[in-house]
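Report on one structure; see the data block that follows.
The values are calculated or read from the model by the stated rules, or taken from the named source; none is laboratory data. Since we're looking at a predicted model, the values are computed, not measured. Glycine also receives a Cβ, built like all others from the backbone with ideal geometry; neighbour counts cover every protein chain displayed. Calculation scope for accessible area: heavy atoms of the full protein, side chains included, ligands and nucleic acids excluded. Shrake-Rupley method; radii C 1.70, N 1.55, O 1.52, S 1.80 Å.
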Amino acid sequence: MDVKPAFTARPVEIRCYNGLAIEPWLGHLAALRIAVFRDWPYLYDGDEEYEAEYLKTYLRSPRSVAVLAFDGDMVVGASTGLPLADESDEFTEPFTHTSIPITDVFYCGESVLLPAYRGKGIGHRFFDEREAHARSYGDYGWTAFCAVDREPSHPRRPAFHRGNEAFWNKRGYRPRPELRARLPWREIGQDGETDHTLTFWLRPLERTR
């Protein structure tokens, strides 16, 4: 799937898809993940076969959501979410040692956006749509996502990198250091996979019933 940055004056359109309706867009999601996650802090050397299998998780979850950003016919950004209970063991296991039931958490997966479209409020729309989707069910007390942990002195950290922590805090999310997941992936320039630690960020979600 071709993913090329484009500069345009056209407004970006946001569309949401749920469950099996996400299937036609899996290739676009995979291509965006591979393209965007090559950069810091993930440095992900993408694998199309892994992406195809991983993204099927969203098809198996009736309450999943994919929020896609379109510039014309081109998908330039995407974010996903699903009940934490429908995620893999790597994401659910940290909650087995807390008082928060996994059935009480809606998990926000990736937010990936091509560089040319950043700084235009699309990131906020991604969170707005996923939180509204979770809220519509009325039975989730939290929304959550994971962020990869990197040392400030990491040799591959860009000199003028600014993290997203201020943005996440403004959205009402707070880091929970006691909740960490471990995921293996191959970084660019490496021969094999290495384990990475990710910290959960949580936000209380207002119940509607």
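How big is D, in µm² s⁻¹, for the chain by Stokes-Einstein at 25 °C and 0.890 mPa s if Rh is the Kirkwood radius over C-alpha pairs?
138 µm²/s
Tell me what the chain gives for mean residue ellipticity at 222 nm when only DSSP H runs of n ≥ 4 count, each as -39,500 (n - 2.57), the sum divided by the residue total, rounded to 500 deg cm²/dmol.
-7000 deg cm²/dmol
Quick one: accessible surface of ARG182, probe radius 1.4 Å, all protein chains present, in square angstrom to the nearest 10.
Accessible surface of ARG182 is approximately 140 Å².
Hey, can you grab everything whose amide H is under 5 Å from the amide H of THR80? Only 5+ residues off in sequence or another chain; H modelled, so Pro and N-termini drop out.
Here the answer is VAL67, GLY109, GLU110, since their amide H atoms fall under 5 Å of that of THR80.
Once label points are set 7 Å from the Cα along Cα→Cβ at both ARG135 and ASN169, what is their separation, rounded to one decimal in nm?
The answer from the label model is 2.3 nm.
Tell me, what is the FRET efficiency for SER153 and ASP39 to the nearest 0.05, using R0 = 25 angstrom and their Cβ-Cβ distance as r?
Using R0 = 25 Å, I get an efficiency of 0.85.
I'd like to compare 65-78, 143-156: which one has the highest average count of other Cβ atoms within 10 Å, and what's the full order after that?
65-78, 143-156
Would you tally the net charge around SER88, using a Cβ to Cβ cut-off of less than 12 Å, leaving SER88 out, and scoring K and R as +1, D and E as -1?
-3
Dipole of the chain (Lys/Arg Cβ +1, Asp/Glu Cβ -1, origin at the Cα centre): which of THR194, TYR107, ALA85 lies farthest to the positive side?
Checked the options; the winner is TYR107.
Positive end of the dipole of the chain, charges at C-beta (+1 Lys, Arg; -1 Asp, Glu), about the Cα centre: which of THR57, PHE145, GLY27 has its Cα farthest in that direction?
After comparing all options, I get PHE145.
Output wanted: per-residue J couplings in Hz (rounded whole) for segment 65-73, from phi through Karplus 6.51 cos²θ - 1.76 cosθ + 1.60, θ = phi - 60°, x for Gly and Pro.
With the stated coefficients, segment 65-73 comes to 9, 10, 9, 10, 9, 10, 10, x, 8 Hz.
Quick one: putting +1 on the C-beta of Lys and Arg, -1 on the C-beta of Asp and Glu, what dipole do you get for the chain around its Cα centre, in Debye to the nearest 20?
1060 debye
Counting only the heavy atoms of the protein chains, how much of TRP25 is accessible to a 1.4 Å probe, in Å² to the nearest 10?
Result for TRP25: roughly 50 Å² accessible.
Please state, rounded to one decimal and in Å, the Kirkwood hydrodynamic radius that segment 1-95 gives when every pair of distinct Cα atoms enters the mean of 1/r.
14.3 Å
Just to make sure I understand: if all protein chains stay in place, what is the order of ASP89, ASP39 by accessible area at 1.4 Å, largest first?
Putting ASP89, ASP39 in descending order of accessible area: ASP89, ASP39.
Ordered by residue, what ³J(HN,Hα) values in Hz, to whole numbers, does segment 76-89 give under the Karplus form 6.51 cos²θ - 1.76 cosθ + 1.60, where θ = phi - 60° and Gly and Pro are x?
Working through the residues one at a time gives 10, x, 7, 9, 9, x, 6, x, 4, 4, 8, 7, 6, 4 Hz.
Please list, in chain and number order, the residues 5+ apart from GLU187 or on another chain whose amide H is under 5 Å from its amide H, with Hs placed from the backbone.
ASP45, THR194
Whole-Hz Karplus ³J(HN,Hα) for segment 171-178, in order, using 6.51 cos²θ - 1.76 cosθ + 1.60 and θ = phi - 60°, x for Gly and Pro?
With the stated coefficients, segment 171-178 comes to 7, x, 8, 10, x, 10, x, 6 Hz.
Rounded to the nearest 10 Å², what accessible area does SER136 show when all protein chains are kept and the probe is 1.4 Å?
Answer for SER136: close to 80 Å² accessible.
Counting heavy atoms of the protein chains only and a 1.4 Å probe, report the per residue accessible area for the chain as a whole number of Å².
53 Å²
Starting from 0.36 nm per residue, how many nanometres of slack lie between ARG162 and GLU49 once their C-alpha separation is accounted for?
Full-extension gain reported as 37.5 nm.
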